[in-house]
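Structure record follows, encoded as structure tokens.
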Amino acid sequence: MSFAGSFRQLVGGLFVGLLLVNVGTVLADDAREHLIGSKAYTEEACVEPTADMRKNHMEYLFHQRDITLREGVRTKQHSLAECVACHVKKDDAGELANINGDGQFCQSCHNFASVSIDCFQCHAAVPREPKHRHKLGTSQMKQYHGDHANKMTPEGVNSSFALWETMGEQQ
Amino acid sequence: MSVEANINQYRRRFLGQAGVATAAVATVPLTSLLASGSAQAKALDEPASSDNRWGMLVDASKCADGCKACVDACNDEHGLEDLGRPETDAQWIRKVTIKDKATGHIDTLPLMCQHCETAPCVDVCPTGASMRRADGIVLVDRHTCIGCRYCMMACPYKARSFVHEVLENQVTHQPRGKGCVESCTLCVHKLDAGDGSTACSEACAAEGHHAIIIGDLKDPNSDISRQLRASPTRQLRADLGLNTGVRYKGL
Amino acid sequence: MATQTHYRSLMGPSPGFYKLMAGLIAVIMLGMGAAYYMEHNGHWVTGMTNQIVWGMPHVFAIFLIVAASGALNVASISSVFGRKMYDPLARLSALLAIALLIGGLMVLLLDLGRPDRLIIAMTYYNFKSIFAWNIILYSGFVGIVAVYIWTMMEHKMHVFKKAAGTAAFIWRLMLTTGTGSIFGFLVARQGYDAAIMAPMFIIMSFSFGLAIYILTLMASFNWTDRPLGDAVLLRLKSLLGVFVAAVLYFVIVQHVTNLYATEHHAVERFILVDGGIYTFLFWAGTILVGGLLPLAVVYHPTLGKSRQWIGIACAMVIAGGMATIYVIVIGGQAFPLPIFPDKEIIESSFFDGVVGSYTPSLPEILLGIGGVAVSAAVVAVAAKVLPFLPESLSDEVVDASVS
């Protein structure tokens with residue numbers, strides 16, 4: 001690991017420590033407040049235990065990145081596309097907001113910890129499908145929208161977003 | 001929540017999806033069978049294997065002059081936008097019209113990454129970002145691409161594009177960004193998901209031309225293998241000995 | 001009995017030095033600004049396209065890197081081949097080699113699509129790639145030449161001078177072979193498909209490197225009021241004449257052998273006859289300005305003894321060298337790829353079968369010149385703080401040290 005990397009880890013570690021204290025005390029009542037508006041709010045847990053995710057999400061992502069690109073493994077548990085789909089929120093105007101935008105999920109801690117990531121220069125920061133799906137019900141839909149794929153409409157994710165949003169309200 | 005509970009939750013979710021997948025195959029048997037290049041799709045956690053080699057057969061005699069359904073489908077599938085700068089806009093697949101110098105016969109055909117077995121782009125890439133998967137698909141790992149463009153210099157088919165600008169509105173399954181080199185991925189996301197076809201071949205079929213078929217070259221029973229056995233085909237720049245995964249018929 | 005050569009750094013207040021540095025820093029800042037502009041917007045603001053993927057920055061970078069290994073020649077002649085007269089010239093020669101390489105590499109780096117991924121370039125290696133080998137060759141070159149300079153400067157290390165000099169000499173041959181092979185490996189492009197590319201790069205490096213060396217020597221001695229005698233200068237310019245002639249010879253051999261192979265006729269015709277700017281640059285740049293004219297000056301009975309004219313000849317070799325690299329790098333890409341050798345391409349949306357068009361943009365040129373300024377600044381600063389330059393190279397001093 002590079003010097004810069006270890007330094008950042010150190011800073012990151014300190015920060016995570018701080019954050020844990022914070023979450024433990026200040027946000028004890030509603031630690032999930034910051035998830036409101038995202039599908040994650042309707043879910044019980046992240047893809048790994050929360051504390052582990054806070055500390056190690058980058059390792060999971062890097063590993064996933066390599067096995068997907070190099071070997072063609074397409075598991076979803078640590079897929080970046082899945083993080084976005086679950087953690088993305090709508091803005092005041094009702095549009096999906098870029099997940100790395102100011103105050104949005106991936107940016108919230110990074111800003112604080114002075115981490116900068118380049119992932120969303122390439123990766124879609126909101127779930128986005130091609131304009132025309134040639135065959136409805138093909139695998140991509142299932143791949144990116146999980147169980148809702150069979151109820152998908154051509155408008156794509158917005159409707160699936162709406163779907164779980166209403167599900168969330170029902171709960 | 002405990003780790004175990006998490007895993008269980010995931011297992012449930014995964015099984016749920018697998019169920020949907022089965023259901024989907026059951027309800028649309030016609031399209032999936034027609035499109036499928038190899039009989040069984042790979043499981044999500046299964047790595048690509050050298051027991052397969054994905055390939056493409058282009059039948060130039062079926063490719064219609066003036067039709068660019070494959071190009072449009074590719075652009076849409078991967079979110080390639082026309083920025084009105086043809087010299088720097090990315091093109092993963094293009095239509096080329098050629099005339100035989102001796103006979104004057106005119107052909108039109110799609111041209112894209114030929115997914116070579118001994119790919120020059122893979123050999124020259126300094127960081128190993130240009131790579132060939134076990135199943136023969138040549139890709140750029142854009143996480144390690146430094147944008148040196150040596151692969152573009154080396155490619156005999158001019159199949160690669162450099163991203164010349166900041167991009168927005170990428171589609172989820174195809175991340176793309178400034179400063180990296182990219183090219184046809186043989187719709188690896190679709191093949192891995194078990195579609196058995198690419199956006200271009202589906203679009204071509206939808207137009208009724210069926211000039212592009214995709215399949216496993218190592219499976220003797222695949223449609224593509226049978227067609228390759230049945231009639232003569234050729235590799236572009238066969239003299240370079242690259243054993244391309246894309247073959248042309250009717251040229 | 002050979003007398004000791006005295007070296008001296010540029011001590012004391014020297015307004016000239018600071019003026020020079022101010023100028024160089026301004027040029028470097030312009031280059032950096034240009035690089036930032038290109039990176040910020042992406043390469044579409046340059047002349048480079050998906051057809052011409054390597055543009056002006058590569059022309060500068062390759063020229064500087066090739067010249068870097070050639071700049072080491074003078075030192076090699078002294079340490080490896082034991083020519084006493086070249087001894088006092090060796091330190092500057094080694095310094096110039098490092099400086100040119102640093103300038104060239106900087107340009108190459110800043111023209112990458114993702115210069116922020118430098119760390120990846122240095123940690124992920126594909127050992128099949130000649131480009132990756134070049135990265136190793138370049139860093140090794142800087143290291144070896146630095147050690148070589150140390151053996152020359154540190155009295156206790158003098159015993160290792162020959163060994164270090166020989167290592168540096170062998171390394172530089174490998175380095176230039178490597179640079180030439182970058183093109184030699186591109187079998188698909190007809191303009192580069194020639195085995196002669198690697199030796200041709202070596203001989204070009206001799207010529208470009210020496211031309212830059214002579215200019216640097218004249219300038220630095222002039223600006224620091226140190227005596228530079230005719231003996232040294234005339235010897236160097238005769239050597240330059242030999243190298244320039246050798247480059248011309250190789251260029252001719254390259255094209256004549258290509259004309260034997262029918263498959264290369266089209267690309268030869270393109271460079272030699274109807275390639276527009278490339279044909280012009282070949283004949284006017286490589287052949288005339290970079291070859292015939294400097295040869296005429298160097299061997300002219302009166303012009304060949306004039307310092308001014310020797311300087312002009314060096315400048316012409318450099319200009320012709322840039323033209324040569326331009327024709328190789330850009331011209332080689334502009335010539336269309338033979339994807340369908342037996343067919344004529346009548347339509348394509350991706351410029352298949354047509355000559356690629358390229359107009360260098362201002363930022364690209366500024367970046368290239370910035371690299372040159374970095375090289376110059378490295379030389380200036382190093383010569384300011386360390387004893388690189390001999391106090392005098394007057395004929396008497398040189399005579400005394402040789403005899």
Give me the distance between the Cα centres of the stretch B:96-112 and the stretch C:85-159, rounded to whole Å. 48
Peptide B:192-204: average number of partner chain Cβ atoms within 10 Å per residue? 3
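Let me know the volume per residue of the alpha-carbon convex hull for the stretch C:309-395, in Å³. Write out the running numbers ahead of the final one.
Numbers: hull volume 15.6 nm³, N = 87.
With only Cα atoms used, the stretch C:309-395 gives 179 Å³ per residue.
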Using Cα positions and a limit of under 12 Å, work out the aspartates and glutamates in reach of C:Lys162, with same-chain residues fewer than 8 apart set aside. C:Asp87
The stretch C:181-241: radius of gyration over Cα atoms, expressed as a fraction of 2.2 N^0.38 Å: 1.65
Can you compute the equivalent ellipsoid semi-axes for the stretch B:171-248, i.e. the square root of 5 times each eigenvalue of the Cα gyration tensor, sorted largest first and rounded to whole Å? 24, 18, 13
Distance (nanometres) between label positions extended 7 Å along Cα→Cβ at A:Glu95 and C:Leu303: 6.7
In Å², nearest 10: area of B:Thr97 left accessible to a 1.4 Å probe: 10
Based only on the alpha carbon positions, what is the Kirkwood hydrodynamic radius of the stretch C:343-390, in angstrom? 14.9
By the gyration tensor of its Cα atoms, with a ≥ b ≥ c the square roots of the eigenvalues, what is the shape of the protein assembly as shown: rounded for a/c under 1.5, prolate for a/b over b/c, or oblate? oblate
Using alpha carbons only, how many degrees (0 to 90, rounded to 10) separate the axis of helix C:307-326 from the longest principal axis of chain C? 30
If you fit an axis through the alpha-carbon atoms of helix C:161-184 and take the longest principal axis of the Cα set of chain C, what angle between them do you get, 0 to 90°, nearest 10? 10
Run down the lysines and flag those whose C-alpha is under 19 Å from the C-alpha of C:Lys384, throwing out any fewer than 8 positions away in its chain. C:Lys19
What share of the DSSP beta bridges in the protein assembly as shown is antiparallel, in percent to the nearest 5? 85
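Could you order B:Lys178, C:Lys305 so the one with the most accessible surface comes first? Probe is 1.4 Å. Write out the running numbers ahead of the final one.
Details: B:Lys178 45, C:Lys305 130 Å².
Descending accessible area places them as C:Lys305, B:Lys178.
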Per-pair calculated FRET efficiency, R0 = 45 Å: C:Leu118 and C:Val354 via Cβ, rounded to 0.05: 0.80
If r is the Cβ-Cβ distance from C:Met153 to A:Phe62 and R0 is 30 Å, what FRET efficiency results, to the nearest 0.05? 0.05
Label 7 Å along Cα→Cβ of B:Glu117; the stretch B:42-68 residues with amide nitrogen under 17 Å? B:49-57
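For the stretch B:203-251, state the semi-axes of the equivalent ellipsoid (square roots of 5 times the eigenvalues of the alpha-carbon gyration tensor), sorted largest first and rounded to whole angstrom.
Values: eigenvalues 77, 43, 20 Å².
Value: 20, 15, 10 Å, ordered largest first.
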Can you work out the PRE-style zone for B:Asn243? Point 7 Å along Cα to Cβ, and I want the residues of the stretch B:130-152 with backbone N under 13 Å. B:135-137
Which distance in nm do the two modelled labels at C:Ser139 and C:Ala22 give, with both placed 7 Å along the Cα-to-Cβ direction? 3.9
Between the modelled labels at B:Asp82 and B:Asn221 (7 Å from Cα along Cα→Cβ) the distance in nm is 4.4
Given the stretch C:310-354, report the % of alpha carbon pairs whose separation exceeds 16 Å. 57
Distance histogram for the stretch B:30-249 (every C-alpha pair counted, 10 angstrom bins, percent rounded to whole numbers): 8, 34, 39, 17, 2, 0
P(r), alpha carbons of the stretch C:32-168 - 5 Å bins starting at zero, rounded %: 2, 10, 16, 18, 15, 13, 10, 7, 5, 3, 1
Cut-off 16 Å, label 7 Å out along Cα→Cβ of C:Glu263, residues of the stretch C:344-373 by amide N: none
Taking only the alpha carbons of the stretch C:203-269, the radius of gyration and the largest Cα-Cα distance, Dmax, both in angstrom, are 17.9, 58
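Within 9 Å, Cβ to Cβ, of B:Met152, how many net charges do the neighbouring residues add up to if Lys/Arg are +1 and Asp/Glu are -1? Each step should come with its number before you reach the end.
Working: positive: B:Arg149, B:Lys158, B:Arg160; negative: none.
My count for the surroundings of B:Met152 gives +3.
Got the relative contact order for chain C handy, in percent, Cα pairs under 8 Å and 6 or more residues apart? It would help to have the intermediate numbers written out before the result.
On the way: 603 pairs, mean separation 136.4, N = 403.
The value is 34 percent.
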In a GNM of chain C with a 10 Å cut-off on Cα contacts, which of C:Ser129, C:Ser238, C:Ser349 has the highest mean-square fluctuation? C:Ser349
Setting aside same-chain residues fewer than 8 positions from B:Lys249, which lysines have a Cα under 17 Å from its Cα? B:Lys62, B:Lys95, B:Lys99, C:Lys343
Rounded, prolate or oblate: which fits the stretch B:36-111, taking a ≥ b ≥ c as square roots of the Cα gyration tensor eigenvalues, rounded meaning a/c under 1.5, else prolate when a/b beats b/c? oblate
Solvent exposure ordering (accessible area, 1.4 Å, most first) of B:Arg234, B:Arg94: B:Arg234, B:Arg94
Projected-area mean, chain C, by convex hull of Cα positions, square nanometres: 21.1
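Let me check I've understood the local charge: for A:Ala124, count other residues with C-beta under 10 angstrom from its C-beta, Lys and Arg +1, Asp and Glu -1. What total comes out?
Working: positive: A:Arg128, B:Arg176; negative: A:Glu129, B:Glu168.
So the surrounding residues net to 0.
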Which whole number gives the average, over all residues in C:105-116, of C-beta atoms from other chains lying within 10 Å of the residue C-beta? 4
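In debye to the nearest 20, how big a dipole does the protein assembly as shown give about its Cα centre with +1 on each Lys and Arg Cβ and -1 on each Asp and Glu Cβ? Please list the in-between numbers first.
Working: 66 positive and 71 negative charges, 448 e Å.
Using only the charged Cβ atoms, the result is roughly 2160 debye.
The values are calculated or read from the model by the stated rules, or taken from the named source; none is laboratory data. Model, not experiment: these values are computed from the prediction. For neighbour counting, all protein chains shown are included, and Cβ atoms are generated from backbone atoms with ideal geometry for every residue, glycine included. The accessibility values were calculated without ligands, DNA or RNA, using every heavy atom of the protein model including side chains. Shrake-Rupley method; radii C 1.70, N 1.55, O 1.52, S 1.80 Å.
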